[in-house]
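Beneath this line is the structure, given in structure tokens, with notes to follow.
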Amino acid sequence: MQNNTFSTLFVGQNLIKLKEVDSTNNFLKNLVSKSEPLPEGTVIMADNQFAGRGQQESVWQTEAGKNISTSIYLKPNFLPLNKQFYLNMAVSLAVSEALNHILPQPVLVKWPNDIYTGGKKLGGILIENTLTGSFIKSSVIGIGLNINQQTFKSDLTNKATSVIQILQKETPLAAVMEKIVVFMEKYYLILKSGNYIILQKEYFKRLYNFGTLAHYQQNGQVFEGKITGVEESGRLVMETEAGLKSFNFKEIEFTHTK
């Protein structure tokens with residue numbers, strides 16, 4: 001356990017820094033599985049994460065010592081399973097608002113778990129829940145953000161961006177983490193208070209392409225649609241030529257570049 005100077009009540013008050021790890025989420029889940037209770041708000045931060053994971057086992061590439069690779073332990077056992085996407089909303093809002101205090105341009109949330117700015121991916125979120133009955137027992141919140149990495153693999157050059165590419169100067173990772181833990185606590189406490197309407201309202205303000213007609217792809221077929229909402233289960237609701245439709249994770253792809 002390492003104490004730190006984060007100005008929070010509990011998120012980040014137990015900070016564990018690692019030089020290298022396969023995945024901060026895996027490390028944190030292993031800690032949770034041990035018999036000793038882990039304080040809620042525990043943060044794992046790694047200089048190098050060599051096998052980071054994205055949504056549904058996709059790989060997250062990161063350059064050692066340049067970016068944010070972190071996982072946060074929460075216990076949202078007050079949250080019914082059928083409202084679990086509100087946790088996703090709270091986390092997405094925390095990360096996007098933290099970055100909005102660093103960047104001069106809007107930082108948006110691309111459903112379900114990507115952080116976008118200027119039409120490019122700045123980072124991603126991976127939430128892994130442990131369930132007890134119809135409630136969430138605990139959550140491991142994985143966050144990967146491109147901060148001081150200047151170059152990306154050729155296939156990602158037009159898709160990814162970083163804080164340094166935008167600001168043209170390095171940003172201390174500790175300063176980014178300070179913002180993340182502060183806003184994570186803020187939005188988590190809003191979630192805990194049951195104020196779902198605030199979360200939903202703020203989430204839609206930051207939702208990439210919300211209320212905008214754009215092109216999407218499903219099973220190789222391109223169609224036009226307008227995002228009108230997100231169900232409590234997390235399904236994306238869209239207005240299409242064929243009427244109102246909802247889509248699960250990975251069922252559709254965003255094909256636009258704006």
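The values are calculated or read from the model by the stated rules, or taken from the named source; none is laboratory data. As the structure is a computational prediction, the values presented were derived from the model and not from experiment. Positions of Cβ are generated from backbone atoms using ideal geometry, with glycine treated the same way; all protein chains shown enter the neighbour counts. Please note that ligands, DNA and RNA were not included when accessible areas were found on the heavy atoms of the full protein model with its side chains. Shrake-Rupley method; radii C 1.70, N 1.55, O 1.52, S 1.80 Å.
Considering (1) farther than 18 Å from Lys29 by Cα; (2) not in a helix (DSSP H, G or I), the lone condition that Ser69 does not fulfil carries the number (1). Checking the structure you have, find out if any residue of the stretch 105-114 is touching a Ser or Thr at 6+ places or on another chain (Cβ under 9 Å), modelled with pLDDT of 95 or more and surrounded by fewer than 16 Cβ atoms within 10 Å (Cβ to Cβ). Within the stretch 105-114, one or more residues are touching a Ser or Thr at 6+ places or on another chain (Cβ under 9 Å), modelled with pLDDT of 95 or more and surrounded by fewer than 16 Cβ atoms within 10 Å (Cβ to Cβ). Against the condition surrounded by 12 or more Cβ atoms within 10 Å (Cβ to Cβ), in the same structural domain as Gly118 (by the TED database), charged (D, E, K, R) and modelled with pLDDT of 95 or more, how does Lys192 come out, does it pass? Considered against the rule, which asks whether it is surrounded by 12 or more Cβ atoms within 10 Å (Cβ to Cβ), in the same structural domain as Gly118 (by the TED database), charged (D, E, K, R) and modelled with pLDDT of 95 or more, Lys192 comes out as yes. In the stretch 210-243, which residue that is on the phi > 0 side of the Ramachandran plot and loosely packed, with under 15 Cβ neighbours inside 10 Å is farthest from the chain's Cα centre (by Cα)? Among those that are on the phi > 0 side of the Ramachandran plot and loosely packed, with under 15 Cβ neighbours inside 10 Å, it is Gly243. Can you confirm whether Lys153 is out of contact with any Asp or Glu (no Cβ under 9 Å at 6 or more places or on another chain) and touching a residue at least 24 places away in the same chain (Cβ under 8 Å)? Here the answer is yes, as Lys153 does meet what is asked. Restricting attention to the stretch 153-199, the residues being under 23 Å from Ser7 (Cα atoms) and among the small types (Gly, Ala, Ser) number 3. Considering (1) open to solvent by less than 40 Å² (accessible area, probe 1.4 Å); (2) touching a Phe, Trp or Tyr at 6+ places or on another chain (Cβ under 9 Å), the lone condition that Ile180 does not fulfil carries the number (2).
Quick one: in the stretch 95-116, which of the residues that are assigned to a strand (DSSP E or B) and touching a helix residue (DSSP H, G or I) at 6+ places or on another chain (Cβ under 7 Å) is nearest to Lys66 (Cα to Cα)?
Selected residue: Ile115.
All told, Leu207 meets the bar of being within 26 Å of Asn100 (Cα to Cα) and surrounded by 14 or more Cβ atoms within 10 Å (Cβ to Cβ). Exactly one residue out of Ile136, Ile115 is assigned by the TED database to the domain that holds Lys29, touching a residue at least 12 places away in the same chain (Cβ under 8 Å), under 29 Å from Gln168 (Cα atoms) and in contact with a strand residue (DSSP E or B) (Cβ under 9 Å, 6 or more places away or on another chain): that is Ile115. Residues that are part of a strand (DSSP E or B) and over 16 Å from Gly41 (Cβ atoms) were ranked within the stretch 126-136; the one that is least open to solvent (accessible area, probe 1.4 Å) is Leu126. Put simply, of Glu185, Glu178, Glu128 the only residue that is more than 15 Å from the chain's Cα centre (by Cα), acidic (Asp, Glu) and assigned by the TED database to the domain that holds Gln84 is Glu178. Looking across Gln56, Gln61, one residue alone is at pLDDT below 90 and either assigned to a helix (DSSP H, G or I) or in contact with a helix residue (DSSP H, G or I) (Cβ under 6 Å, 6 or more places away or on another chain) (or both). It is Gln56.
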